[in-house]
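For reference, the structure discussed in these notes is given below.
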Amino acid sequence: MTAQLQDRGAPVDPDRRPAVSRRQAWRSRLYRWDLKGSPYLYIFPFFGLFAVFGLFPLVYTAVISTTAWSPRKPGSEDVSVGLDNYGKLLADDNFHNALINTFGIGIVSTVPQLLLALGIAHLLNYKLRGRLFLRMGVLVPYITSVAAVALIFNQIFARDFGLLNWFLQPFVENPIDWRAEKWASWLAVSAMVTWHWTGYNALIYLAAMQTIPYELYESASIDGASRWQQFWHITIPSLRPTIIFTVIVSTIGALQLFAEPFLFDTTRNNNGGPQREFQTVVLYLYQQFWTNGRYGYGAAIAWTLFLVTVVIALVNFLLVRRIRSADD
């Protein structure tokens, strides 16, 4: 008995105890490093790519916008002009025209696009025969190449042999020149944008509609609410966050509109029509940067468009916050 007590009170082997404690301390240190450092490692690829392909070009464009750089003038990349490019831009009538065209085409294309998408999503939400095929079909315009779409719409909106002018022949005296009239060109470009993006937004609305509890519609139907009343008082309020999201994304996309007016233009000098009827800001930027070789001026246009986009995004954010506070 005395021997057992002495064994219990005997000290631990000094060669074994430090090894165990060091191993535990090292594991504990690794755990703390993993706990604190893993989140940063997970997000590092995104921020690394953003720094290389987003932040650096943004800063470099800002630097170029303060120069008179033009490939036609050797050594001009080192000539600093300060904010002169921005001053010229504010007094540039062509830039003002491009800005008006951008907002005009954006409004004419975004509003019908989102309304059509909402209606199509509402119809596809019903239990229809072949609804899977129909849901896949609305995405076909989105996955179709913009160049292929432009070829078709160029034939539809041709002045002399266009399909639309042939259809409108009994109702108009002269064929409509869809590229030489401002409102006509806006409608033509907006038709291309609407056809391309309506199905995409419809699927977003459809996914949001399927999260609405079906019991709400059953209760409303028992209370005597019509389909229209159910849509207006149940579907629309439930889709409000999704609608706000699509409005913001579509607005930003409209400000960056380039492919449709570029491919619809037949002047071959990126004027956006004979008198710049549908030249957007990005198309004007492309003309100044690549066609005219005014790198500094084109960079100033890019940064001005970026600031305009930020302002509009902030306005949308304030409106969204006010709508949410009103709901609460």
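The values are calculated or read from the model by the stated rules, or taken from the named source; none is laboratory data. Here the structure is a predicted model, which is why all the values come from computation and not from measurement. Counting neighbours? That spans all protein chains shown, and the Cβs are built from the backbone with ideal geometry, glycine included. Heads up: the accessible areas ignore ligands, DNA and RNA and are worked out on the full protein's heavy atoms, side chains in. Shrake-Rupley method; radii C 1.70, N 1.55, O 1.52, S 1.80 Å.
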Cα gyration tensor shape for the stretch 142-260, rounded if a/c is under 1.5, else prolate or oblate: prolate
Separation of the R240 and T309 label points, Cα + 7 Å toward Cβ, nm: 2.9 nm
Cα gyration tensor shape of the stretch 225-328, rounded if a/c is under 1.5, else prolate or oblate by comparing a/b with b/c: oblate
Loop trypsin sites (Lys or Arg not before Pro), the stretch 230-328 (other Cβ atoms within 10 Å of the site Cβ: 14 or fewer; DSSP): R268
Whole-percent carbon and sulfur share, accessible surface of the chain, 1.4 Å: 66 percent
Centroid-to-centroid separation of the stretch 212-285 and the stretch 127-166 [C-alpha atoms, Å]: 17 Å
Distant-in-sequence amide H partners of T67 (H built 1.01 Å from N, under 5 Å): V81
Proportion of all alpha-carbon pairs of the chain beyond 31 Å (%): 55 percent
Cβ-based charge dipole, the chain, positive-most Cα from F103, S21, M192: S21
Separation between Cα centres of the stretch 287-313 and the stretch 71-101, rounded to whole Å: 9 Å
Global geometry of the stretch 258-302, whether rounded, prolate or oblate, following the gyration tensor of its Cα atoms and the 1.5 cut on a/c: prolate
Orientation-averaged projected area, Cα convex hull of the stretch 59-201 (nm²): 13.9 nm²
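Run the dipole for the stretch 57-201 about the Cα centre, Lys and Arg Cβ at +1, Asp and Glu Cβ at -1, nothing else charged, and hand back the magnitude in debye, nearest 20.
Numbers: 10 positive and 9 negative charges, 169 e Å.
I would put it at about 820 debye.
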GNM top mover of L203, L307, L99 - the chain, alpha-carbon springs below 10 Å: L307
About the Cα centre, charge dipole magnitude for the chain (Lys/Arg +1, Asp/Glu -1 at Cβ), debye: 1300 debye
Residue order for H96, H233, H122 - accessible surface, 1.4 angstrom probe, largest first: H233, H96, H122
